[in-house]
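Taking it in order: structure first as structure tokens, then the write-up.
The values are calculated or read from the model by the stated rules, or taken from the named source; none is laboratory data. Remember, it's a predicted structure, so these values are computed and weren't measured experimentally. Backbone-built Cβ (ideal geometry, glycine too); neighbour counts: all protein chains shown. Side chains are part of the model used for accessible areas, which takes the heavy atoms of the whole protein and leaves out ligands, DNA and RNA. Shrake-Rupley method; radii C 1.70, N 1.55, O 1.52, S 1.80 Å.
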Amino acid sequence: MLRRREFLTAAALPLAAAPVELKTQAWRARWIAPGGAGANDYGVYHFRRSFELAQVPAKFVIHVSGDSRYRLFVNGKTVASGPARGDPHQWRYETVDIASALTPGRNTLAAAVWNDGPHAAVCQWSVRTAFLLQADDQQHEPLVNTGSGWRSWRDAAYTAVPVPTYQLTGYYAIGPCERFDARAHPWGWEQRDFDDSEWKPVSVIGPAAPRDAVDGPNRWMLTPRPIPAMEETPQRFAAVRNASGMAAPSELRGVTIPARTFVRILADQGHLTTAYPELEFSGGRDATIGIAYTEGLFQTMRPRRMKGNRNEVDGKEFVGYADHVIADGGRRVYRPLYWRTFRYVQLSIQTGDTPLTIEDFRSVYTGYPFERRATFDSGNRLHQQILDTGWRTARLCAHETYMDCPYYEQLQYSGDTRIQNLVSVYMTGDARLMRNAIQALDSSRTHEGATLSRAPSVLEQYIPPFSLWWIGMVHDYWRYADDPEFVKQMLTGARPVLGFYSRHLTTGGLLGAMPWWNYVDWVESWPRGAPPCEPGMMPASIQLQFLLALQWAAELENALGYRQLGEMAATQARLLNAKIRSTFWDSGRRIFSEDRAHQKLSQHANALAVLAGVTSGDEARDLMERVEADKSLAKCSAYFRYYLDRAMAAAGLGGRYLDRLGTWEFMLSEGLTTWAEQDTPYTRSDCHAWGASPNIEFFRTVLGIDSAAPGFSKVLIEPNPGKLTRVSGSMPHRLGTITVALDGEKATIDLPPSLTGVLKWKGREHELRPGRNQV
């Protein structure tokens, strides 16, 4: 009989806050490990502890963590999962009130804890396999605190199926898939009535301690989870596209595969998703079931990979990583430990001596629980399609951290994340994941001063320009979120980044040769995305990124009370500005080059020059008109379109934005349901949120809504509707909702209580007050 574990569709309980003492003092709970297990081997382990309650208290708060990952049940019901991803210096724990899951009498805490060992994702830190649970008050500590009273069991059903790092389809940095043998799994282990008498005593590692404790007895420096629990929402496949070995079923419910038969079934979600697949099956002992995942099927793999229209499957090749299940003859539900990314899923089933029935095949979407609060109405279907696609892309690239792509890497790169942050701000008003990202990257900074290119990351990788974009992230947060104390903390990290760059200035006042990977953008003619320049010299694009970072830092230092440091940064910025102008400006062709010889031209250098104020006014406008039109220049990808479009607006050409959506129209023509890594037929990833900048610019450029003061304490409305005669929309603000409606010569602006601002429109300025403003 099926014992449907509640975690398959139920979300965890709401998170609570941890008391102050647990943030500063050693905990009485002990880190525990499964008895006899290797500290850093791959393994899946179960922990249990039962206790008695005469009556259920009004509150029963616990604090829980694990290494590397855990899912906690109370009486068979999921109450928490995590820990939220961090590093040993920011090891997260969840705080949850489990009272609603308790009953009078016997209660059981059960935790699944797993460590991917040598196969772990690049973003997944681990000290060693371990579990920790601490009661919030001393009355409940003897009942539940982790220590010698807990028992454990290694689940032999799981074996790692590593995903190779380098494949024909591209670079991978994710964790393993799994081979799950239902014959070896202790079914019902999380239920209250399960017999754990044969389970082993745990090994007690030692005391737990928060990050701010006087001494940390273990490497886990515990900090409270700063973000909410992830969303989990059931969803169904849109269609079965084809099958071999049997007739294609109309849906994946009640499908029986005869004995000694091999079949393949291709299921289509209808759009890309990040989800836990759930395969419910019965009978068919010893049958093997492969569950393979891909973003889209491939037209060709050589000489270059190409997928073509993602809606088409006929004549194409399925290439993707897979989980594998062995049936035990019972009625079971299999769900992998970690979510997968897919549009298409291919089931490959080989039955043994008895038939196997697929009772149901479904999935549970998961991601950061963003709520879409922004609206935009232009009466144009394409505009809405672009916004919807960008929203889906942003959601699939946001989990416990932002990530570049959910299928291949799942890494939080500064370059990607800066754009994702602002998509979140404009679409949802939720800046918590933005704050978390800034903090994670700050934690990665090394003694040289630079941050890692991405964080968290076990593998050290440096893209120095991404450290500059991180300063941009801090500046963005200061403008849009009302959290000046946090910004002050991050300034202590921005200064070493600028110091790192300053150490590489030559006597001529420009950046000389720099170490590591100096990536700017994916351009076909640029080796590994690094712009060309003379030996011993950084290209103009990177000089300009350094200039922007100095300008951001100067503004932050002055605004937050560090005026001497602000003036130092501003002075350095003025000197660098002049040197860039004299070196990289070709006065004959009236354009900036990447190199001193004025041979290497790009949209990138010119867009950044406008944003950094190296050129302005009529000259900037003339420059951007030519840069946009000149096909001989190195072209900005979907990622760097963010900076190109900001430069167009800064040069007074924002009204052309809606006429320049070809990048996204091309990707829609490819059948993409999310924005790809590159807007070319040969892209690797089908989901990169660095291309979701229209979800910012429809609001910031077209409707003209922007922050006009720190903490978004004032608003600037400067619309650029272009050819539209009527357009309206809204975005969330911490005080309420900002609404803009343009109708011919009439503008109606609604501001939330206490928010004031300015409307700049048709060459005039109008003061805006809280409530309705009509011009």
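Of the listed values [x] 168; [y] 227; [z] 284, grab the one calculated as volume of the Cα convex hull per residue in Å³ from the structure here. Matching entry in [x] 168; [y] 227; [z] 284: [x]. Solvent exposure of residue 728, expressed as accessible area, is near 40 Å², computed with a probe of 1.4 Å over the protein chains only. Sequence-ordered 3J(HN,Hα) estimates for the stretch 116-121 from the Karplus curve with 6.51, -1.76 and 1.60 and θ = phi - 60° stand at 7, x, x, 9, 5, 4 Hz, glycine and proline given as x. The loop-placed trypsin sites (Lys or Arg not before Pro) in the stretch 44-131, going by DSSP, that have at most 13 neighbouring Cβ atoms within 10 Å of their Cβ come out as 59. Simple rule: put +1 on each Lys or Arg Cβ and -1 on each Asp or Glu Cβ in the stretch 201-317, find the dipole, and look at 233, 204, 281; the Cα lying farthest toward the positive end is 281. For the stretch 590-657, the square roots of the Cα gyration tensor eigenvalues, ordered a ≥ b ≥ c, give a/c of at least 1.5 with a/b no greater than b/c, which places it in the oblate category. Amide H contacts of residue 634 (H built 1.01 Å from N, in plane; Pro and chain starts excluded): 601, 602, 603 sit under 5 Å, all sequence-distant by 5 or more or on other chains. Computed with a 1.4 Å probe over protein heavy atoms only, the accessible area of residue 731 comes to about 0 Å². Only the Cβ atoms of Lys and Arg (+1) and of Asp and Glu (-1) were treated as charged; on that basis the dipole of the chain about its Cα centre amounts to roughly 220 debye. Here the extension length gained between residue 659 and residue 524 equals 46.1 nm, from 0.36 nm per residue of separation less the Cα-Cα distance. Counted by Cβ distance under 11 Å from residue 440, the other residues give a net charge of +2, where Lys and Arg count +1 and Asp and Glu count -1. Loop-located GluC sites (Glu not before Pro) in the stretch 662-746 (DSSP state other than H, G, I, E, B) with a sparse environment of at most 14 neighbouring Cβ atoms within 10 Å: 745.
Kirkwood hydrodynamic radius, the stretch 176-334, all distinct C-alpha pairs: what's the number in Å? Provide the component values of the computation, followed by the final result.
On the way: mean 1/r = 0.0495 Å⁻¹.
Hydrodynamic radius (Kirkwood, Cα pairs) of the stretch 176-334 is 20.2 Å.
Taking 12 Å as the cut-off, no amide N atom of the stretch 495-519 comes nearer than this to a point 7 Å along the Cα-to-beta-carbon line of residue 447.
Using C-alpha pairs under 8 Å with a sequence gap of at least 6, the mean separation divided by the residue count of the stretch 704-760 gives a relative contact order of 32 percent. Net charge of the neighbourhood of residue 643, taken over other residues with C-beta under 12 Å away and scored Lys/Arg +1, Asp/Glu -1, is 0. For the stretch 757-773, 3J(HN,Hα) computed residue by residue from phi via the Karplus equation (6.51, -1.76, 1.60; θ = phi - 60°) reads x, 9, 9, 10, 7, 6, x, 10, 10, 9, 6, 10, 10, x, x, 8, 10 Hz, glycine and proline entered as x. Database remark: amide H of residue 410 closer than 5 angstrom to the amide H of 404, 405 (H placed geometrically; neighbours at sequence offset of 5 or more, or on other chains; Pro and chain starts carry no H). For the stretch 443-548, the Cα gyration tensor yields ellipsoid semi-axes of 25, 16, 14 Å (square root of five times each eigenvalue, largest first, whole Å).
Give the residue list of trypsin sites (Lys or Arg not before Pro) in the stretch 624-653 that are DSSP loop and have at most 14 other beta-carbon atoms within 10 angstrom.
Those that pass, being in a loop and sparsely packed, are 631.
Out of every Cα-Cα pair that the stretch 503-629 contains, those further apart than 25 angstrom amount to 25 percent. Residue-wise HN-Hα couplings along the stretch 330-341, as the Karplus relation 6.51 cos²θ - 1.76 cosθ + 1.60 with θ = phi - 60° gives them from phi, are x, 9, 9, 10, 9, 9, x, 5, 10, 5, 10, 10 Hz; Gly and Pro carry x.
Rounded if a/c is under 1.5, else prolate if a/b is larger than b/c, else oblate: which is the stretch 33-157, with a ≥ b ≥ c the root eigenvalues of its Cα gyration tensor?
On the way: a/c = 2.24, a/b = 1.68, b/c = 1.33.
Prolate, because a/c is 1.5 or more and a/b exceeds b/c.
For the chain, relative contact order (Cα pairs under 8 Å, six or more residues apart, normalised by length) works out to 11 percent.
One way to sum up the overall shape of the stretch 656-698 is the equivalent ellipsoid from its Cα gyration tensor, whose semi-axes run 18, 12, 8 Å, largest first. In degrees between 0 and 90, to the nearest 10, how far off the longest principal axis of the chain does helix 464-480 point, with axes built from Cα atoms? On a 0 to 90 degree scale, this one is about 90.
Seen against the Cα atoms of the chain and their longest principal axis, helix 641-650 is set at about 30 degrees. Ordering 551, 593, 530 by Cα displacement along the dipole of the stretch 511-607 toward the positive end leaves 593 in first place; charges were set at the Cβ atoms of Lys, Arg (+1) and Asp, Glu (-1). Taking label points 7 Å from Cα along the Cα-to-Cβ direction, residue 373 and residue 161 give a separation of 4.2 nm. Count charges around residue 313 for me, please; just the other residues with Cβ under 13 Å from its Cβ, Lys/Arg as +1, Asp/Glu as -1. Summing Lys/Arg as +1 and Asp/Glu as -1 gives +1. Relative to the longest principal axis of the Cα atoms of the chain, the long axis of helix 432-443 lies at roughly 90 degrees. A cut-off of 5 Å between modelled amide H atoms, ignoring neighbours fewer than 5 places along the same chain, links residue 68 with 114, 115, 116, 130.
Taking only alpha carbon atoms, the stretch 393-471 gives an Rg to Rh ratio of 0.95, where Rh is the Kirkwood radius.
About its Cα centre, the dipole of the stretch 595-694 is roughly 220 debye, where the only charges are +1 on Lys and Arg Cβ and -1 on Asp and Glu Cβ.
Assign one of three labels to the stretch 90-247, namely rounded, prolate or oblate, based on the Cα gyration tensor with a ≥ b ≥ c the square roots of its eigenvalues; rounded applies when a/c is under 1.5, prolate when it is not and a/b is larger than b/c, and oblate otherwise.
Numbers: a/c = 1.83, a/b = 1.40, b/c = 1.30.
Prolate is the answer for the stretch 90-247, as a/c is 1.5 or above and a/b outweighs b/c.
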